[in-house]
Each structure stands twice: as structure tokens, then as C-alpha cells.
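Some notes on the structure that comes next.
Please treat every number below as a calculation from the coordinates, not as lab data. Since this is a predicted model, take the numbers as computed values, not measurements. Cβ: placed from backbone, ideal geometry, glycine included. Neighbour counts: every protein chain shown.
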Number of protein chains: 2
Amino acid sequence: MIPQTTLEKLRSVVGKENVLDSPEDKIAYSYDGTPLLQQLPDAAIIPRSVDHISQILRLANEEGFAVVPRGSGSGLSGGSIPVDNSVVLLMNHWNRILEIDQKNLTVWVEPGVITANLHSTVEALGLLYPPDPGSAAICSIGGNVAENAGGLRGLKYGVTKNYVLGLEVVLPNGDVVVTGGKSMKDVAGYSLKDFLIGSEGTLGIITRVLLRLIPKPQASRTMLAYFDKMSDAAETVSDIIAAKITPAALEFLDNTTIRCVEEYAKLGLPTHVESLLLIEVDGRKAEVEEDGEKVVGLCKKHHSLDVRVAATEQEAIQLRTARKAAFSALARVRPTTILEDATVPRSEVASMLERIKSISSKYNLTFGNFGHAGDGNLHPTCLTDERDKDEIDRAMRAIEEIFLEAVRFGGTITGEHGVGLAKRKFLEQTMSEPALEMMRKIKDALDPNRVLNPGKIFKLRPRCEGPMPTNREQIKKFLEMGAYT
Amino acid sequence: MIPQTTLEKLRSVVGKENVLDSPEDKIAYSYDGTPLLQQLPDAAIIPRSVDHISQILRLANEEGFAVVPRGSGSGLSGGSIPVDNSVVLLMNHWNRILEIDQKNLTVWVEPGVITANLHSTVEALGLLYPPDPGSAAICSIGGNVAENAGGLRGLKYGVTKNYVLGLEVVLPNGDVVVTGGKSMKDVAGYSLKDFLIGSEGTLGIITRVLLRLIPKPQASRTMLAYFDKMSDAAETVSDIIAAKITPAALEFLDNTTIRCVEEYAKLGLPTHVESLLLIEVDGRKAEVEEDGEKVVGLCKKHHSLDVRVAATEQEAIQLRTARKAAFSALARVRPTTILEDATVPRSEVASMLERIKSISSKYNLTFGNFGHAGDGNLHPTCLTDERDKDEIDRAMRAIEEIFLEAVRFGGTITGEHGVGLAKRKFLEQTMSEPALEMMRKIKDALDPNRVLNPGKIFKLRPRCEGPMPTNREQIKKFLEMGAYT
């Protein structure tokens, strides 16, 4: 528990009204989008300036409490779940688009800007911010940067990291660093922004983000293709890539997911098919037409039962809904939905799906599968009930097997959700000790007192209590206490 | 000086024939592509396996010498210049392309592979490795990764970082880490590869690189446009971007550079024009035709004196030569060529060139200017003579002013060459203390004994001699020695 005297100091930094510590407030910030994880913070704090954040972090170092940053709280790996002795730092109020520079195709935003709001704002100017996480309607740019969010356009356009040109960040010691800028090329020193992107709130609090935009493609074509066999869908994906077409989206749904989506959204999807591909090509008009026709041809070549091509933007939105509704549709079926993001090299997607199927049978579980076929980023989604301890145990064992399998296929335990608390155990299982040790060293070097989101991504090694020694006297005292084994 | 006993130990690790310490050898590895910098190493070592490198680094930690990695030695910031008490680690022998995976569009290479060899190998398969540094014919992939090399295709295709999927690296303590993989999305833990890319050989020795390839564009069109006024060329660049065209190359040469190139390569360039733009658009045939015509139109709109459009690939190569020969052509004029890479946001290119012109006059120097107009990455090139101490002094002051000016324009002191030794002073001048401190902390955490390319990028803070304490006894000894002030 953070003592009241410390909370008083926090109140004097940000103002009384910006320290929320009623039981209701604590409950509201005790969980995020991740199932099964919950812990009460000691308070939630709304900082109103960069200087507030610096002061809060300095206080955390002095008084020994932890700070857990939080944007929209839509994360799926527990990155914003409070830890022992922590305050949650609410960044969702920081939601202004600060500057759109049409000459340099850049935009400065605050971290709380909702991703979909940025999309629509820049698209109105004929520009595109490509990263499009499934949760775009509710997630925030700060969270996207902290997790290096991926999404539907990863195959062609890359992920969040590819669009971050600069960051303003408050470091764990309270120092403020601006790194990067509007130059498209910049190799002056270590790329500090790349250290921070994907660091899941453990190395710095993001206070401003400079993003790169691109011209909006002239045209796009959206298609839905149905297949009786998953292997046909997988071969279609391979052939599209082999034909040197790079779709903006190349997504799949399995039968379980299709049935749930149809029940939920009534899109007229055939519920008997084994698999569905959502394919979107974009670019110049002529290119889109050429690619669109080729894609239809390849779908047919691989025994597609039907290919629906959107004739209007309205229809395209409807087809996209089949994919975008997947998570919500699956989440209605059982009380607890565990959405994972095991990722494999594209060539292994079909084999990996086979493995997931047999793991699911082995543990007698229901999995819906959907995801980004084009970049190998799958979303095996376990439909379960956290009140059923036995089923949850089986789900946990199944998920562990799925992760180990993904790594065996040359893939990773997380393609876009991050490690947080939920996947920490699997990271430690699958990553080599030297790589883990490198991460620990970086964390310890930048956050010696472990004030920033401690215990996320990897467990911190236990050590003597109190702040790290920085001078002779402290070190002497530590030696007397038996430190440095 | 590294004692003979240590050199003996190195010989027993890699074999006698792989430790080069004759005076001739030492001289051969005492310099790289950077003017004005030279220092003799104590030896050059050829490692023949990853394990050799681990053993060398462990020995370096134990015996207290430094290791300076070197690829082709074409660097322009002194990154591979030996330091006191150092051996140079020669990686240019590691030059095999290990695996081309056409299903996943990836390639594993050893670090010594020459960039142009990779280009031609994958292009023969209809694929493209986009990064194209000016030195592609001689530089190596390992050096490209260490410096995060840019090049001519940066505007449309990004830089080296955007194509590195994975790395095998020997860390300063001799541990081997493999980070990343063939999954296009991977957010499992800190992105260690992004910590290493651009770290200029100070955090790890790269032993294998996994790169992403893309389908080779169907068509391209190469154009040369001449302008009487630099401002007209600059406005053409702005208008091309505003027209939502993203050329694969958008390069400029100033009059000094044009004259030198013409004298050197006899391409029939008009030597009276103020500026020349090399513009290359690529993509689908229809797109290329459409964009090519638009570009010609925009050049004419801004009073281009002539636009040459390559009719054949042969002619395209000739037009590209105008740009690619720039450095070599300028280097013939005076004994010493200082090629810099001050970079500004694209919108500031014209103003920055104006400033360079007036700085050049102020110090009575000759500068040739060329570079990547599309991404703001300029190459002000001072033609001078290192034997003329006064002129070199003026050159140094001029270059310092140019860097400060670039930063004032929101740019950076280095867009693609790295900091190394040559720009360390300017990094320390232009970067905030908290950002520098963050870099120092990371370096100290990962390389506490400072064995790997120490003193590159930033000066290391002086501290007690000898290795960092890691246990109780050492710490006690350090306290007695008066450490930890």
C-alpha cells in the first residue's frame, strides 16, 4: 500500500481532483482488455502536463511506488494491469492531434488520440496512417506505440514501428527526452525511439508521438472468398504472394468464427464453409483492377466456392465487417474469451492451424481461429468460462502448447499484443537466457528503482529492498546488508 | 599496447594465421572511408566461427583490450577506426548468402556480403532488396546494419532498418543472441534487433542477418531534369510529393557536382545549369507511365530546361551514373573530400542549401552538394586538402555550422553515415543531456568493461581503471580504491 503521506504529495503535484482513489475508481482501473487478470491500484492519477509526469516519476523513485501507464486499457496482454504498490497513470485524456504537416507528411499527436480518429482525420486530407489494429475504434496511439501494434495492413504497410518518426518520452527518472524528428533518415546515436517502441510502458511514458503519413491509395478492391478446405485457402494465400501481389489485407476466418460472425452480424455468410478469406488490394486504379482480377482467378483455381467482390465502398465496409466483427462475435459465445496472437512465418500458416486444431481437440476446448494470413499472425481464440477451473486449466495448457508450437515453426508467442503479464511465462520459456538477460540489463540500467510498470514482459530478479545505490555511502550500506552476492 | 601474452592467447583461439600484426597489416586496417582519421590497431583478427568471436570478446573482458569490428571499411564516420589498445575484427570474410526463402521472401546472409551482390542475386529471382547506399558496390550488409544505412531508395522504400527481420549477434560479454525471425510481426519482449541496428558496432558483433525482400517492381522510369535555379528544382520536388507521387529515387546535384561529374564521366551533362534532378518512378507499368508523365509535366511547370527520359535500361543506367558518380567525381578535384550527410525535413531542403552556400562563402571553401532531395538527406561535400591546416580548420568550422543549422531546421547531424568518431562532438553538442545519458547507461549496462568499439558515437565517461565490479570482493576493492564518487 502506498502511504497516505505519499498520496498527499501526489495530490500536491497534480491537484486533488486528479488523484482518484475511491473504491469505484480503483475497480475501474483494476483490469484491461485481458481476461483473467485483475489487481487494484492504490490510486489512478491524471497528469495534466509533462512536468506532472516528471514529478510523479521522481516521487516514485524517492518514495518507492510503481507507476503503470494506461491509455484506452484495451490491451490484450495485461500491460496496464496494476502491480503491487502502484498508481495507474491515465493518459487517455491526452487526446489532441497537435499538428498535421502536409509538406512533410507527418503528424504530431498526443498519446491518448484514438487510432480510428487519427485515421479519419488524415484520410479527409487524402492521407493515410496505415497501422490498423483490430481495436482501432477504441485503442490509442500511445498504446499502439507501447505495444508496437500491428493490425490488418501489416503485410503491405508494416506495423506501428514503421510509422513512428519521433517521440517525446518521460524516462523512469523523470527526465524528458525528445527523440527522432521530421527527417526521414536519422542515425544520430542509438535510435532511442526504437528502444521505446514496444517496450510496453516499462522504459518511458510517451507524451507526444510524431507519425509518418503516406498518400492515400487511389483505389481499393475488397473481396471475400469461401473455401471448403482450409488447405485451399492457405494455397490461395501462397499463390497470391507468389504472383507478386501484396494485398493491403489478407485475412482469414475459420468455420467456428464464420458461424459466430454470421449469428452476430447477419451478413449472409455461408456457415457451412471451412474458411473464408478477406482480401483487399489497393493502389492505382489500373493496378487494383489487374490485381483484383488475378486474385479472383487464384481463388477460383483453388476451388473457392464463391468470391464476392464489393461493388461499392458501402459493400466493402460490409465485407470487412465479416473480419472486423470476429472478436466481438466470438466473445458472445462463452463468458470468457482468450484471444491470442501466436505468429508464424507465412509459409507455416496452414500447418500451424492444423496443430491448433489437434491441440484444441486434445484438451476438449472450443477455439475460433482468424487473423492475418498474409503475415502469419494468427488469432487462436479460446471460448471458455473462467468460473470453470478445470476448463481454464486445460485452456492454459492448450495455449502454452500453441505458443511452443509457434516458436517451433520459427514464429513467436506474440505478433502484436505484447507480452505484458499474460505471456511473461511463455517469453521466459521460449527466449534464450542471454536475450532475457540483455532485456533485464537494459531495464535495470534505465529504471534502477523499478518504478515503471515493473514485472511486465519479464520477471525482475529479486534483490535487496530500496533504491539502487548511487553513491559511496549507499554502497557501503548495501554491502553491510549483504547485497551483491 | 596489447601485451604479446594476450596476442598469443588470441592466436590460440583463431589460429596463428588469423592474427595479423605485421606493420603492413596494421597500416591497412588503420583507416576507413573517413578522411582525417587514422590510428594503428595492435592487430587485426580474422575470426572463423561465431565461437571464435565469443572467445575473443571474453578474452577482451578478461585482459582489458578493445575490439573494433570492421566490414568493408567503407564507412564515412570513422566507425571502424581502431582505438587505443584495440584489435580490429575483420568480418569481410563472412560473405556467404546462406538461404533465400522465396515463400517467405526472406534471405539469411553473413555480414560480409557486399550489398550490390545481394542486389543482383535476389533481382535475378524477381525480388528486390531495396536499401541502396551510394557505396553499394563496396559496402557490406553488416556495416549497413551497424550504421542503419540509407541510400537512394529511402523516400519510397525506407532504410536498412525496415528490412532487418532478425540478427545473430555476439554480445560484448561473448554471449550469442538470435533475435527476430521470419515472422513479419513479432513483439515478444524488447526489440533487441532494433537496439542493435545503427549501434555502430558498440553493442554487438553481427554474425548473421535475416533480411526481408519484396517483389521487384514491374517497371521503372528514370529521368534527368535540369534547372537554372535551385529553387525551381526544390519546388519541383515539393510538387511531386504534393501530387502524391512517391518516386523510388529523387536525387539532386548542384552545379559544382554536375561539372565534376561531367569532367569525370563524360555523360553529356550541361555544365552551366544550377541543378539537376534524377527522378525514378517504379511500380506497375501503367502507374509508371502515368507518374512518369506527371513528373515530366511538373519539371516543365517549374522551368526545367530539359528533361531526359531513359528509353532503355541501358540509358537509365547512364542517367543514374550522373548521380552515382557524384562522390567519386568530387573526390578527384582536391586531395581531401569530406562528405557529410546533414539531413533536414524535406520542406527545408531549399533553405538548407541556401545556408550551406552562404556558410561555404563565409569560410572561403568549395562545397559540392548533392543527395537525396526526396527525404531531405543532403551530402554537402567539402573539397579540401588535409595538408593545408588553415583550410582544414575552416572546413571544420563550416561543417560544424552546417550541422547546427540542420538541427535548427528540425533535422539531424547524420542521416545515414552514423556518428562514429567523426561526428561525436556534434552529437554531444546537439543532443540533450538526458538522451546522451540514456545512451551511456545502455552502453554501460551491456558492455560494462567497454570492450566493444569504445568511444564511438559518444565519449565514455572516465572512471576507475579495470573491469566493472560484479561481486562483493571486487566492489570492496573498488571502494578502497576510491571509486563511486
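Taking a straight Cα-Cα cut-off under 12 Å and skipping sequence neighbours fewer than 8 places away in the same chain, the aspartates and glutamates within cross-link reach of A:Lys16 are A:Glu8.
Between copies, the label points at A:Lys362 (set 7 angstrom from Cα along Cα-to-Cβ) are spaced 7.0 nm, reported in nanometres from shortest to longest. Once the Cα atoms are used to define both axes, helix A:433-446 deviates from the longest principal axis of chain A by about 50 degrees. Can you give me the Rg/Rh ratio for segment A:209-262, using Cα atoms for both radii and the Kirkwood formula for Rh? Expressed as Rg/Rh, it is 1.09. Partner lysines whose Cα lies under 24 Å from the Cα of A:Lys425, excluding those fewer than 8 positions away in the same chain, are identified as A:Lys357, A:Lys362, A:Lys389, A:Lys441, A:Lys443, A:Lys456, A:Lys459, B:Lys182, B:Lys185, B:Lys193. The base-10 log of I(q)/I(0) for segment A:53-99, evaluated at q = 0.20, 0.24, 0.31 Å⁻¹, reads -0.73, -0.91, -1.12 [Debye formula, identical scatterers on Cα atoms, solvent excluded].
Calculate for chain A the 222 nm mean residue ellipticity that helices alone would give, adding -39,500 (n - 2.57) per DSSP H run of length 4 or more and normalising by residue count, nearest 500 deg cm²/dmol. Don't skip to the end; give the middle numbers.
Working: 17 runs with 179 residues, N = 485.
Calculated from helices alone, the mean residue ellipticity at 222 nm is -11000 deg cm²/dmol.
Peptide A:432-445 has a mean shielding of 6, counted as Cβ atoms of other protein chains within 10 Å of each residue's Cβ. Axis of helix B:285-301 versus longest Cα principal axis of chain B: the two differ by about 70°, to the nearest ten degrees. Relative to the first principal axis of the alpha-carbon coordinates of chain A, what is the inclination of helix A:389-408, with its axis defined by its Cα atoms, in degrees from 0 to 90 and to the nearest 10? Value to nearest ten degrees: 80. One equal scatterer on each Cα of segment A:334-408, no solvent, Debye formula: the resulting log10 I(q)/I(0) at q = 0.11, 0.17, 0.23 Å⁻¹ is -0.24, -0.57, -0.98.
Couplings 3J(HN,Hα) of segment A:263-276, computed from phi: 4, 7, 10, 6, 9, x, 6, x, 8, 8, 6, 7, 7, 9 Hz, in residue order, whole Hz [Karplus 6.51 cos²θ - 1.76 cosθ + 1.60, θ = phi - 60°; x for Gly and Pro]. Using alpha carbon centroids, what distance separates segment B:67-93 and segment B:162-211, in Å? So the two Cα centres are separated by 19 Å. D by Stokes-Einstein for chain B, Kirkwood Rh over Cα pairs, 4 °C, 1.567 mPa s: 55 µm²/s.
Can you give the relative contact order of segment B:334-408 as a percent, counting alpha carbon pairs under 8 Å and 6+ residues apart?
Details: 112 pairs, mean separation 31.1, N = 75.
RCO, segment B:334-408: 41 percent.
In segment B:219-327, a dipole from Cβ-located charges (positive for Lys and Arg, negative for Asp and Glu) runs towards its positive end, and of B:Gln314, B:Leu269, B:Thr256 it is B:Gln314 whose Cα lies farthest in that direction.
A:Ala116 label point (Cα plus 7 Å toward Cβ) to equivalent points in the other copies: 5.2 nm, shortest first.
Quick one: Kirkwood hydrodynamic radius for segment B:219-327, alpha-carbon pairs, angstrom, one decimal? Evaluated on segment B:219-327, it is 13.6 Å. Counting only other residues whose beta carbon sits under 10 Å from that of B:Arg153, what net charge do I get with K and R as +1, D and E as -1? Net of charged neighbours comes to -3. Over segment A:97-215, the pair-distance histogram of Cα-Cα distances with 10 Å bins from zero comes to 15, 50, 31, 4, 0 percent, rounded to whole numbers. Beta bridges from DSSP with both residues in chain A: antiparallel share about 85 percent, rounded to the nearest 5. The ratio of the alpha-carbon radius of gyration of segment A:1-145 to the globular-protein estimate 2.2 N^0.38 Å is 1.14.
Taking each residue of B:288-297 in turn, how many C-beta atoms of other protein chains fall within 10 Å of its C-beta, and what is the average?
That works out to 1 on average.
Between segment A:393-442 and segment B:286-335, the alpha-carbon centres lie 50 Å apart.
Note on segment A:4-90: the C-alpha convex hull projects to 5.3 nm² when averaged across all orientations. Other residues whose C-beta falls under 15 angstrom from the C-beta of B:Asp232 contribute a net charge of -4, scoring Lys and Arg +1 and Asp and Glu -1. Taken over the protein assembly as shown, the percentage of Cα pairs per 20 Å bin, counting from 0 up to the bin with the maximum distance, is 13, 44, 35, 7, 0.
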